[in-house]
Amino acid sequence: MNGPCAYRLENVTVQHGLREVLRLPRFEVSTGEILCLVGPPGSGKSTLLRLLAGLQRPTRGQLWFQGKPFNHKTPLAVKRTITLVFQRPMLLAGTVRSNVEYGLRIRGEAACRQKARAILEQVHLTHLADRSASAISGGEAQLVALARALAFAPEVLLLDEPTNNLDPARVALVEDVVLTDHKQRGTTVVWATHNHFQARRAGERVALLLDGQLIETAPATDFFEMPRDTRTAAFIQGKMVY
């Protein structure tokens, strides 16, 4: 891994009751990279994203963000540079536009309406701007959640299976929007996906999680063409039974 660290995790574990759902002796994310997390359902991808977002504490271990401990004492201004798009987004009552504007307003951002309009144009949802958020499809709600996240211009964008409910055209749209934002602003992106092809298209590095453990991390080309671990090879070939 090259470049400064956005995140560093050491000896991190997360337990739910007696079950250990994540165990990472060491894990790093470089500033400005796109790291794709792959693995079957229940492998720990969502738990890891919640840790990186500051929404969950590890049972044991330590996280650092930009070289400083990342915990309950981390200033809110720092945590606000990180945005997580959930797999099942929860939208607020009101219109699509008001959902995108809301976070900007509570943060005191100027020109909320103009920023919201520009973001909705990027995700091809201007025609739904005045529609009630409760009256749109699940796929459209996912795009609204992405628009809401991008409106903050975050330094770190965390994506939890953001294209699960989307048709192929909208999958391509999401990938284009995220990659364009990354190219223009140098956003650090950690993207959980079950789609091998998406990870290969979008990821600069790819990491495989199985049963809460990190099996292999490598540049995308090496990960898919020259996997070092037999479990990685089996996962890529679709031979692993979930």
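The values are calculated or read from the model by the stated rules, or taken from the named source; none is laboratory data. Quantities reported herein were computed from a predicted structural model and do not represent experimental measurements. A quick note on method: Cβ atoms are made from the backbone with ideal geometry, for glycine too, and the neighbour counts reach across all protein chains shown.
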- Item | All positions within the stretch 74-130 that are over 22 Å from Glu155 (Cα atoms) and touching a Pro at 6+ places or on another chain (Cβ under 8 Å) | none
- Message: Give me the residue from the stretch 55-64 that is over 28 Å from Asp176 (Cβ atoms), in contact (Cβ under 8 Å) with a residue 24 or more places away in the chain and not β-branched (Val, Ile, Thr) and, out of that set, surrounded by the most Cβ atoms within 10 Å (Cβ to Cβ).
- Response: Leu63
- Message: Given the criteria of a type in the set (Lys, Arg) and free of Cβ contacts under 8 Å to residues at least 12 places away in the same chain, does Arg88 qualify?
- Response: yes
- Among (1) over 30 Å from Glu109 (Cβ atoms); (2) without any contact (Cβ under 8 Å) to a residue 24 or more places away in the chain - the single one Phe235 does not satisfy: (2)
- Message: Looking at Asn99 and the list (1) touching a strand residue (DSSP E or B) at 6+ places or on another chain (Cβ under 6 Å); (2) buried (at least 20 other Cβ atoms within 10 Å of the Cβ), which single condition is not satisfied?
- Response: (1)
- Task: Select, from Arg231, Arg185, the only residue that is out of contact with any helix residue (DSSP H, G or I) (no Cβ under 9 Å at 6 or more places or on another chain), of a type in the set (Lys, Arg), closer than 28 Å to Leu22 by Cβ and modelled with pLDDT under 95.
- Result: Arg231
- Message: Any residue at all in the stretch 177-184 that's farther than 25 Å from Pro40 by Cβ, over 16 Å from the mean Cα position of the chain (by Cα) and touching a residue at least 24 places away in the same chain (Cβ under 8 Å)?
- Response: no
- Matching option when the condition is part of a helix (DSSP H, G or I), touching a helix residue (DSSP H, G or I) at 6+ places or on another chain (Cβ under 9 Å) and among the aliphatic types (A, V, I, L, M), among Val78, Val100: Val100
